[in-house]
Amino acid sequence: MKIYMIGGKARNGKDTLANFMKKYFEKNGKKTCIMHIGNYIKHFAIDYFDWDGNDETKPRTLLQHLGTDIIRIKMNKPNFFIDRLLQDIEVLDNFFDIAIISDVRLPLEFDSIKKVYPDTKKINIKRPELISELSSKEQKHITETALDDYDNYDYKIINIDLKSLEEEAMKLVEEELK
């Protein structure tokens, strides 16, 4: 299975890019799935903290605290979510040609998955005109800043609008299928 990982800040278009890529890979006969490193932490919030699962009501501060302060630091499990995702990849490899991981936030996530799957492509997406809706504290959290100085990408995408983002996704897929 070929893996593509998309990293960037909140609301920069990671999932939108992933959906466009999926559309074009599938138009070319490739079975494609979209995966999320954050699936398990979101399930914690839904199952134990009464979140309704809606992006508009996402308890970002809780998710950041639970994922970083509790799991990665207090429990000393920096690969907790990566290890679970790698298990999912192992299963889904039996069903899909392409996996797109659309929520990379830390260099460790890029590097750990690339270590296991060396052909993985790393994509950065930025939306320069976005005015963040996150609080100042949320914007300063490591999950929002850790990739600021990371530059080891195979592709860099600037998200100006939906039409150009879809065109970028189509070009990326066409290049990958050559």
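Each value in this text was obtained by applying a stated rule to the coordinates, not by laboratory testing. As the structure is a computational prediction, the values presented were derived from the model and not from experiment. Because the Cβ atoms are built from the backbone with ideal geometry, glycine has one as well, and the counts that use them run over all protein chains shown.
Miscellaneous remarks
- If you take the Cα centroid of the range 1-44 and the Cα centroid of the range 127-178, the two points sit 13 Å apart.
- Above-threshold pairs, the threshold being 32 Å between Cα atoms, out of Lys58/Lys178; Lys115/Lys178; Lys31/Lys140; Lys31/Lys137: Lys58/Lys178; Lys31/Lys140; Lys31/Lys137
- The radius of gyration of the Cα set in the range 122-178, together with its Dmax, comes out at 13.8, 44 angstrom.
- The calculated FRET efficiency for Lys115 paired with Asp93, based on their beta-carbon distance and R0 = 25 Å, is about 0.95.
- For GluC sites (Glu not before Pro), the sites in the range 127-178 that DSSP calls loop and that have at most 15 other Cβ atoms within 10 Å are Glu129, Glu133.
- Amide H contacts under 5 Å for Met35, placed H, 5+ residues apart: Ile100, Ile101, Ser102
- Mean projected area in nm² (Cα convex hull; one quarter of hull surface) for the chain: 10.4
- Building the convex hull from the alpha-carbon atoms of the range 84-132 and averaging its projection over directions returns 4.5 nm².
- For the chain, the longest site-free run once chymotrypsin sites (Phe, Trp or Tyr not before Pro) in DSSP loop states with at most 15 other Cβ atoms within 10 Å are removed: 96-149
- Principal-axis tilt of helix 14-27 within the chain, Cα atoms, nearest 10 degrees: 30
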